[in-house]
Structures are given as C-alpha cells and as structure tokens.
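*Asks:* Handing you a structure now.
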Amino acid sequence: MRLTRPLTRPLALTGAALLTALLPAAATVPTAAQARPGQAAACRPSAAGASTTCVRYGPAAPLGGGRVRVYTEHRGSEPRTLGIALTRSALESLPTHPTDGGHCHDADRDGRTDPMHECVGGHGRELALPRAGAAGSVPPFDWALLNWNPHGHSPHGRYDVAHFDAHFYLIPRRERDAIRLGSCALLIDCAQLKSASRPVPAAHLPAGYPASTPETSEGAMGEHLDSRPPDTGPLTGHTLIYGAYDGEIIFIEPMLTKDSLERLRTTTRHRTCAPVPQPRVWRTAGWYPTRYCLAYRPRHDDYTVSLTDLTHSPTPPPATPAGPPAPLREAPDPRPAASPRT
C-alpha cells in the first residue's frame, strides 16, 4: 500500500490521522468529470483579450462499434457550436436491419409490421445536451436525435440510401413524444395530420423551404420541410432539412450519407460546411446556426455533425394592436437557399 505522506513520527499520530495517511490514492474525492459524466469542460486559452473557449460533452450512447454524444462549444458565455460527435468505430459494424423496432405501426392491419414500410426512424439514439446548467446550454435547443437508416427512407428515389439523420430539437422530448404513430403520411396519427402539416407563417419560414408538405409528416418526429429540387435524385452527400409541427419550426436536421463522413478522414481538408438558410425572424429568442458542418477530427479520431457560427436572435416585436404589424427585425447573416454539396 502506498502512503500519501511519510510517517516520521508514527507514535504521535492519532487514529484519525493514521487512517488519513494510509488511504490509497484511489480513495480520493472523484473529480467533477468522474462524479457527473458529461459535465466537465475542456477549455483552451484564447488570444490576449479574447474569451476562453470551452467544449463540453453530454452522456454517450452506443452505436456500431463505438459511441455517439452531443457536444457544445462556448466562447466565454456565448454558445458557438452545437454538434454530435461519433467515434470512428461508431461507423463500423453498424446495424443492417432496417429498424430497431422503436417506432413501428401496423398501418395495413394485417397483424404484422413490415420493417421496411411500417417503421420509421431506423436505429435512433436520443442524446442529451451536456449536464452543466447554463454553461453547457444552447437555448432554445433542448436535445438531439441521431438516426442511422441502413436502407434509407421515403421519399423513394431520393432518400432510400444508407444515411444518418441528425435532428437538433427546439422542443422538449415530451412534446416530440406526443406526435403519435398512425396510418397517415409517414406513419403519423391521422388525427394529427392537420396539425402536423399546418403551414409555417411566412415570417418564420427559412428561405427556400416549402411552408407545408403533408406527405412528409412523420410519426414520433414531425413534418419535414425539404428545399432540394425534385429532380436532384438520390442523396449523395449531405443536405439540410427543417422540421415543423403545428406551424412552428421544431428541429433542424443535417442529413448525410455515411460515405460523406468517411471521406473527410482521407482528404486534405477534414471539414466541409454549408449555409443554414434563415427565416426573416425566429419565433423564439435564442442562438441559431448560420452554418452546418461535417468534420473529421484527427486529434480525437472522431467525426462530427454540427450546427455552428451561432448568432443570437432577439424576441420578435409583437403586432401593433391598431394598424399593420410592427416591422420584423431581420435575423443575422441571412443566406440564400442552396443545395449543399460535398
């Protein structure tokens, strides 16, 4: 047994002091990272006069041969990035069955569920943000959902290729869970289809996206707003989807093929980014991304999918009681809609 300090006068030590001296190093009080996984921050000093940048990680979930977890990056007190990190081994030994069975519905009532046509979400991992109070938060984002779809999903001819869906939700999980499974559209409860497909008001609709597409309303997820032109064919790299429910944006979703991540490990530049189209004004005050990025980090030997270059959007002004609505304040850094490509 290793002593923590030399016993130069053993007979003078009290019983309590002797016990303290004989405690092994392993019995020391655990650090914050050991006691509460996902809370510790890795900070790096910035240039003189600049704020310190800190990265925090949320709890990990298993995927493939590795793990995935949410991370946040703050510069001082301001959030700069919200992302999902996947260890390199997470892309190995991925499931090949169409679904984990978590969200299935017998739509044709034949007594069985077809994993290809009566299940949604592929293999899902619900991920919490870092448990560090305000220091790790990125309001109004609440949690993230990563789906691995080994055979893709509808619409066929566009997204029926193996890919990941990285959903960053703006609503609590309990509200997402209230979007029930059913037999309409993409397995959504028919009683909720009208709410799911209610158009997003023009002021809150990101540039280049349709206000409503009822056929892409999905159970346990929400309506999907897609800016890709219909004739662009199957997904070959990455794109950005917005999610909505009851006329509100509820998630931002980078969609990406497995290959688009793996290629970044062997290229000279390990990062690729695309703009996040903006609405005229965000409905809720908070931090919103102006770009999304895919990256390979050699130092960590992992991949990341992130919403970055976050800027703060204030609460929009209320409508004037008498007369037309008050002018809307433009969101920072509006970008034209584009089909991002690797």
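The values are calculated or read from the model by the stated rules, or taken from the named source; none is laboratory data. Because the structure is a prediction, the values reported are computed rather than measured. No Cβ is skipped: glycine too gets one built from the backbone with ideal geometry, and neighbour counts run over all protein chains shown. Calculation scope for accessible area: heavy atoms of the full protein, side chains included, ligands and nucleic acids excluded. Shrake-Rupley method; radii C 1.70, N 1.55, O 1.52, S 1.80 Å.
*Asks:* Are any of the residues in the stretch 158-169 of a type in the set (K, R), over 24 Å from P314 (Cα atoms) and either in contact (Cβ under 8 Å) with a residue 40 or more places away in the chain or part of a helix (DSSP H, G or I) (or both)?
*Replies:* yes
*Asks:* Are there any pairs, at least 6 apart or on different chains, whose C-beta atoms fall under 7 Å, with the first in the stretch 182-195 and farther than 16 Å from H153 by Cα and the second aliphatic (A, V, I, L, M) and not in a loop (DSSP other than H, G, I, E, B), and if so, which?
*Replies:* Final answer for the pair search is G182/I188; D189/L181.
*Asks:* Return the residues of the stretch 54-80 that are open to solvent by 10 Å² or more (accessible area, probe 1.4 Å) and closer than 20 Å to T308 by Cα; say none if nothing qualifies.
*Replies:* C54, V55, R56, Y57, R69, Y71, E73, R75, G76, S77, E78, R80 - these are the residues of the stretch 54-80 that are open to solvent by 10 Å² or more (accessible area, probe 1.4 Å) and closer than 20 Å to T308 by Cα.
*Asks:* Out of all the residues in the stretch 131-142, is one or more assigned to a loop (DSSP other than H, G, I, E, B), of a type in the set (D, E) and under 30 Å from E215 (Cα atoms)?
*Replies:* yes
*Asks:* A further question follows. Does R228 fit the bill of being over 21 Å from Q278 (Cβ atoms) and either in contact (Cβ under 8 Å) with a residue 12 or more places away in the chain or part of a strand (DSSP E or B) (or both)?
*Replies:* Criteria not met by R228.
*Asks:* Inside the stretch 242-271, can you point out the residues that are assigned to a strand (DSSP E or B), open to solvent by less than 60 Å² (accessible area, probe 1.4 Å) and touching a residue at least 40 places away in the same chain (Cβ under 8 Å)?
*Replies:* G243, A244, Y245, I249, I250, F251, I252, E253, P254, M255, L256, T257, listed by residue number.
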